[in-house]
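The values are calculated or read from the model by the stated rules, or taken from the named source; none is laboratory data. Bear in mind the structure is a predicted one, so any value in this text is a computation, not a measurement. Neighbour counts are summed over all protein chains in view; Cβ atoms, including those assigned to glycine, are modelled from backbone coordinates with ideal geometry. Ligands, DNA and RNA are stripped out before the accessible areas are found, and what is left, the full protein with its side chains, is counted by its heavy atoms. Shrake-Rupley method; radii C 1.70, N 1.55, O 1.52, S 1.80 Å.
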Amino acid sequence: MNPKEFNDSVKQGDFKGVYLFYGEERYLVRHYADTLVTALGEADNFDSNASVENIIMAADTLPFLTEHRVVRVQYSKLFASGRKADSETMAAYLPQVPDSSVLIFMEAEVDRRGKLYKRVAEMGGAIECETPSPQALTTWLGRLFREREKNIEPTAANLLLRYGAHNMTTLAQEAEKLSAYVGPSPHVTTQDVEAICFPTLQTRVFDLIGAMGKAQTSQAINMYHNMLQMKESPLMILSMIIRQFRIILMVKTAEAKGMPKPQMAKALGQRSFVIDEAQSQGRRFTLKKIIGAMEDCQDTDLKIKTGLIDAEIGVALLILQYGQQAV
């Protein structure tokens, strides 16, 4: 089932006995689950600690004063490895779900080879929630602001996408904040975004690596100091730098094999905009330089953790070294 088929079926009142919403975009996972609950009525909610027996007992209970018994299970990990026996018990139960009940599973990751996933897919209720394309996100942002009787300039929308790292939950929160900030004004501008929205650490590290790749050493150091002033941990910044160099290395390797970008994003488990950033930054570093940077980062991490160098100074020296030796 795809999102359009799901939305059409809800409008028509045609409901499946079981649904699975899963994937990287948790905003959509919750949105689709909430759409069902709104359409069907109040849900019995179970968290990751719920037993399969209690979930099945709830689904077998007849609804009271409503047409359907709705049972929502959030991030149970039944669809991943680690709960094999419980997963198989649930898979065996699904064909017996009463017509009066609707089971909703919300998951971050699933193993498509598992019996439980295959059973839900056979019953037509599995929907993967992927991050929309930048174009689709821009359209969605515009709709969010129109619902608040605002409009956002295209340049402001693009900046907000980048600040929010294309994460729909973060973007929705920022849209709410911006709408309150501009007050009665119907317009949201780039200046408004710059005034009250702050880039995620991931985005700031993108920019930091970008400045290092362009040998803009002073700019890179200023970015680093700004992060420190915002109380970011030097070790966290270092771990994000290591992560970004690792992604650049994987993307360059995948590019050399001729892998298309959509396949690359899925294979590496990254959002498409992360792949875009890595491709752009990868052009400014040779393969040898990236591997050397990762080794030096790991060495700096070890020296910090063993007390051989101060954390702030160690990361600063690393930035200086690669800001001056780019490409």
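What is the residue count in the range 250-267 for residues that are open to solvent by 40 Å² or more (accessible area, probe 1.4 Å) and either in a helix (DSSP H, G or I) or closer than 22 Å to Met168 by Cα (or both)?
Residues that pass the stated criteria total 10.
Kindly indicate the residue of the range 144-186 that is on the phi > 0 side of the Ramachandran plot and over 19 Å from the mean Cα position of the chain (by Cα) and also surrounded by the fewest Cβ atoms within 10 Å (Cβ to Cβ) among those meeting that condition. Spell out how you get there, then give the answer.
Taking the range 144-186 and keeping what is on the phi > 0 side of the Ramachandran plot, we get 149, 165-166, 183.
With over 19 Å from the mean Cα position of the chain (by Cα) added as a condition, the list becomes 149, 183.
Numbers: Glu149: 9, Gly183: 6.
The residue in question is Gly183.
Among (1) modelled with pLDDT of 95 or more; (2) touching a Phe, Trp or Tyr at 6+ places or on another chain (Cβ under 7 Å), there is one condition Gly114 misses while meeting the rest; what is its number?
It is condition (1) that Gly114 fails.
Could you tell me which residue of the range 77-128 is least open to solvent (accessible area, probe 1.4 Å), considering only residues that are of a type in the set (Gly, Ala, Ser) and in a loop (DSSP other than H, G, I, E, B)?
Gly125
Out of the residues in the range 1-41 meeting the condition of being assigned to a helix (DSSP H, G or I) and of a type in the set (Lys, Arg), tell me which one is farthest from Thr131 (Cα to Cα). Give the derivation first.
Restricting attention to the range 1-41, the residues satisfying the condition of being assigned to a helix (DSSP H, G or I) are 3-12, 26-40.
If we keep only those that are of a type in the set (Lys, Arg) as well, we get 4, 11, 26, 30.
Working: Lys4: 15, Lys11: 23, Arg26: 9, Arg30: 13 Å.
Restricting to residues being assigned to a helix (DSSP H, G or I) and of a type in the set (Lys, Arg), the top hit is Lys11.
Can you name every residue in the range 132-143 that is open to solvent by 30 Å² or more (accessible area, probe 1.4 Å) and either touching a strand residue (DSSP E or B) at 6+ places or on another chain (Cβ under 9 Å) or β-branched (Val, Ile, Thr) (or both)?
Result: Thr138, Thr139.
Residues of the range 159-176 being assigned to a helix (DSSP H, G or I) and in contact with a helix residue (DSSP H, G or I) (Cβ under 7 Å, 6 or more places away or on another chain), which ones?
Passing the criteria: Leu159, Leu160, Leu161, Arg162, Tyr163, Met168, Thr169, Leu171, Ala172, Glu174, Ala175.
Which of the residues belonging to the range 59-76 are open to solvent by less than 60 Å² (accessible area, probe 1.4 Å) and in contact with a Leu (Cβ under 9 Å, 6 or more places away or on another chain)?
Within the range 59-76, Ala59, His68, Arg69, Val70, Val71, Arg72, Val73 qualify.
For Gln270, state whether it is closer than 23 Å to Leu161 by Cα, touching a residue at least 12 places away in the same chain (Cβ under 8 Å) and open to solvent by 10 Å² or more (accessible area, probe 1.4 Å).
Criteria met by Gln270.
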